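All remarks here apply to the structure that follows.
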Amino acid sequence: MSFESFALRADVTIVDGRQSETALSVARGTGRLLKALGFTCISEMSLTSGRRADLVALGGDGEIVIVEIKSSIADFRADTKWPEYRWHCDRLFFATAPHVPAEIFPEEAGLIIADGYGAEVLREAPVHKLAGATRRSMTLRLARLGASRLQSLIDPSGGYEVDL
């Protein structure tokens, strides 16, 4: 396998059938924004609390950002677990599509508007610095999950976990 074909295959969003086309589009655009801001990003990451974050991003300085994607008003209203994501990140954002009204999202989190091509931060997220032990745990979890997913691309039948 050449490096070029591997690089194309490595740009993968984990899709488990729960995501709508809108949510996948928002995830793609948000991932591009996070990359432009200097973050690396993992989609669909299980947290130690048992919750599953839509996007978890790691900055070069160790900052951890979680982005919860909401594809509609109904999707947002059905979610009461989002405050728990704060336990696992320095900043929490919602990301949504342009057709979803921005005013439904709480001020306690940042807000990103995205489509399949890019995204824009409408509101910055408040900073809630993680405790050192939590930061270490999240950073290790991100690294292990990213390495496992990458290895599964190289060796699809090797039995690597895509969610640790």
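Here Ala95 meets each of (1) under 23 Å from Arg136 (Cβ atoms); (2) touching a residue at least 60 places away in the same chain (Cβ under 8 Å) with one exception, condition (1).
Looking only at the stretch 130-164, count how many residues are surrounded by 12 or more Cβ atoms within 10 Å (Cβ to Cβ), part of a loop (DSSP other than H, G, I, E, B) and over 16 Å from the mean Cα position of the chain (by Cα). Step through it out loud before you land on a result.
Going through the stretch 130-164, the residues surrounded by 12 or more Cβ atoms within 10 Å (Cβ to Cβ) turn out to be 130, 134-139, 141-154, 160, 162-164.
Next, from what is left, pick out any that are part of a loop (DSSP other than H, G, I, E, B): 130, 160, 162-164.
Now narrow it down to the ones that are over 16 Å from the mean Cα position of the chain (by Cα): 130, 160.
Here the count works out to 2.
Taken over the stretch 115-137, the criterion of being under 20 Å from Met45 (Cα atoms), of a type in the set (A, V, I, L, M, F, W, C) and in contact with a helix residue (DSSP H, G or I) (Cβ under 8 Å, 6 or more places away or on another chain) is satisfied by Leu130 alone. All of Phe76, Phe93 fail the test of being in contact with a Leu (Cβ under 7 Å, 6 or more places away or on another chain) and under 26 Å from Ser20 (Cβ atoms), apart from Phe93.
Sort out which residues of the stretch 108-129 are exposed (fewer than 15 other Cβ atoms within 10 Å of the Cβ), closer than 20 Å to Leu24 by Cβ and touching a Lys or Arg at 6+ places or on another chain (Cβ under 7 Å), and write them in order of number. Gly118, the sole residue that qualifies. The set of residues in the stretch 33-46 being among the hydroxyl-bearing types (Ser, Thr, Tyr) and under 8 Å from the mean Cα position of the chain (by Cα) consists of Ser43 alone. Taken together, the residues in the stretch 25-77 that are outside any loop (DSSP other than H, G, I, E, B), surrounded by fewer than 18 Cβ atoms within 10 Å (Cβ to Cβ), out of contact with any strand residue (DSSP E or B) (no Cβ under 6 Å at 6 or more places or on another chain) and in contact (Cβ under 8 Å) with a residue 60 or more places away in the chain amount to 1. Which of the residues that make up the stretch 47-77 are under 11 Å from the mean Cα position of the chain (by Cα) and among the small types (Gly, Ala, Ser)? Of everything in the stretch 47-77, those that are under 11 Å from the mean Cα position of the chain (by Cα) and among the small types (Gly, Ala, Ser) turn out to be Ala53, Ala57. Of all residues in the stretch 101-126, those that are more than 21 Å from Ala74 (Cα to Cα) have Cβ atoms under 8 Å from Cβ atoms of residues that are among the aliphatic types (A, V, I, L, M) and part of a loop (DSSP other than H, G, I, E, B), 6 or more apart or on another chain, in Ala125/Ala109; Pro126/Ala109. In the stretch 78-92, the qualifying residues are those that are charged (D, E, K, R) and touching a residue at least 24 places away in the same chain (Cβ under 8 Å), and the one that is surrounded by the fewest Cβ atoms within 10 Å (Cβ to Cβ) is Lys81.
Readers should treat all values here as calculations from the given coordinates under stated rules, not as data from a laboratory. Note that the structure is predicted; figures quoted are calculated from it, not measured. All Cβ positions, even for glycine, are placed from backbone atoms using ideal geometry, and neighbour counts span all protein chains on display.
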